[in-house]
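J.: This is the structure, below, for whatever I ask next.
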Amino acid sequence: WTWGDNSHGQLGQPDASRTLRPRPVAGLTGVVAVAASWHSLALTMDGRVHAWGRNTTGQLGNGRFGLAEMEPLPVLVEGFEQPVAAIATGWDHSLALARDGSVYTWGCRSHGQLGDGARETGSPVATPRRVAGLSGVVAIAAGGQHSLALLNDGTLMTWGSNWNGQLGNGKLGAGTHSALPRPVVGPDGKGKLGRVTAIAGGGLHSLAVTGD
């Protein structure tokens, strides 16, 4: 069910500019999780991902990008080697956690938010790509232009924009962004934050729950 603004097709309701009450998205069944920004993702019980809405930087994962490439109806995202277990959306990028603990990203990588080692404006990734060197992931989250992954040993990895210190690496501003996953440092600035059990990403900040 979706409602609200539909200026980018993010409601999956092609006949509406906005909707004031919940309406079902046609053609979607068996959905177990959803995620949304200016675009929307839906995960079905068989591990498949559908996307719709804004697609300026390839965040729908359908191989296309541009102002005119928005999708008003759900389209199947392909390219995963394993069924998907969880999804997350940033402002202009998307993440998927596969059932084998690997992570896939696609969309904008202007601040390194895809974790593929690149920080490039105007060179988006329009299909899912596996994040190299990242395994054993049990949860994912996305901020506006950064990403988070929780490992099965309680370590929290982050990458992407760090203009406001949202990566938790003890630094902030230009030159401190990371295009590769790095562990969040400990509260005293040494070692790394451990025993993490849950995570969330805000537009320009991050959160974690620890075992205590």
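The values are calculated or read from the model by the stated rules, or taken from the named source; none is laboratory data. Computed from a predicted structure; not experimentally measured. No Cβ is skipped: glycine too gets one built from the backbone with ideal geometry, and neighbour counts run over all protein chains shown. Surface accessibility is based on the protein's heavy atoms, side chains included, excluding ligands, DNA and RNA. Shrake-Rupley method; radii C 1.70, N 1.55, O 1.52, S 1.80 Å.
J.: Could you tell me which residue of the range 41-56 is surrounded by the most Cβ atoms within 10 Å (Cβ to Cβ), considering only residues that are in a strand (DSSP E or B) and among the β-branched types (Val, Ile, Thr)?
T.: Of everything passing the filter in the range 41-56, Val49 is surrounded by the most Cβ atoms within 10 Å (Cβ to Cβ).
Yes/no per residue for (1) surrounded by 17 or more Cβ atoms within 10 Å (Cβ to Cβ); (2) assigned to a strand (DSSP E or B):
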residue: Ser94; (1), (2): yes, yes
residue: Leu97; (1), (2): yes, yes
residue: Asp100; (1), (2): no, no
residue: Trp106; (1), (2): yes, yes
residue: Gly112; (1), (2): yes, no
residue: Asp116; (1), (2): yes, no
residue: Gly122; (1), (2): no, yes
residue: Ala126; (1), (2): yes, yes
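J.: Of the numbered conditions (1) free of Cβ contacts under 8 Å to residues at least 12 places away in the same chain; (2) among the hydrophobic types (A, V, I, L, M, F, W, C); (3) more than 28 Å from Pro187 (Cβ to Cβ), Trp106 fails exactly one; give the number of that condition.
T.: Here Trp106 clears every test but (1).
J.: Considering the range 69-92 alone, what residues qualify as being in contact with a Lys or Arg (Cβ under 6 Å, 6 or more places away or on another chain) and assigned to a strand (DSSP E or B)?
T.: Within the range 69-92, Ala85 is the sole residue that qualifies.
J.: Right, another one. Which condition number in (1) buried (at least 19 other Cβ atoms within 10 Å of the Cβ); (2) β-branched (Val, Ile, Thr); (3) over 17 Å from Gln59 (Cβ atoms); (4) in contact with a Pro (Cβ under 9 Å, 6 or more places away or on another chain) is the one that Val184 fails?
T.: Here Val184 meets the rest and fails (4).
J.: Take the residues in the range 129-154 that are part of a strand (DSSP E or B) and touching an Asp or Glu at 6+ places or on another chain (Cβ under 8 Å); name whichever of them is most open to solvent (accessible area, probe 1.4 Å).
T.: Top of the filtered list is Arg129.
J.: Consider Gly66 against the criteria (1) open to solvent by 80 Å² or more (accessible area, probe 1.4 Å); (2) under 22 Å from Trp106 (Cα atoms); (3) free of Cβ contacts under 8 Å to residues at least 12 places away in the same chain: it satisfies all of them except one. Which criterion is unmet?
T.: (1)
J.: Within the range 19-76, can you find the residues that are basic (Lys, Arg) and over 15 Å from the mean Cα position of the chain (by Cα)?
T.: Across the range 19-76, the qualifying residues are Arg21, Arg23, Arg48, Arg64.
J.: Here's another thing I want to ask about it. Name the residues in the range 38-59 that are free of Cβ contacts under 8 Å to residues at least 24 places away in the same chain and aliphatic (A, V, I, L, M), would you?
T.: Met45
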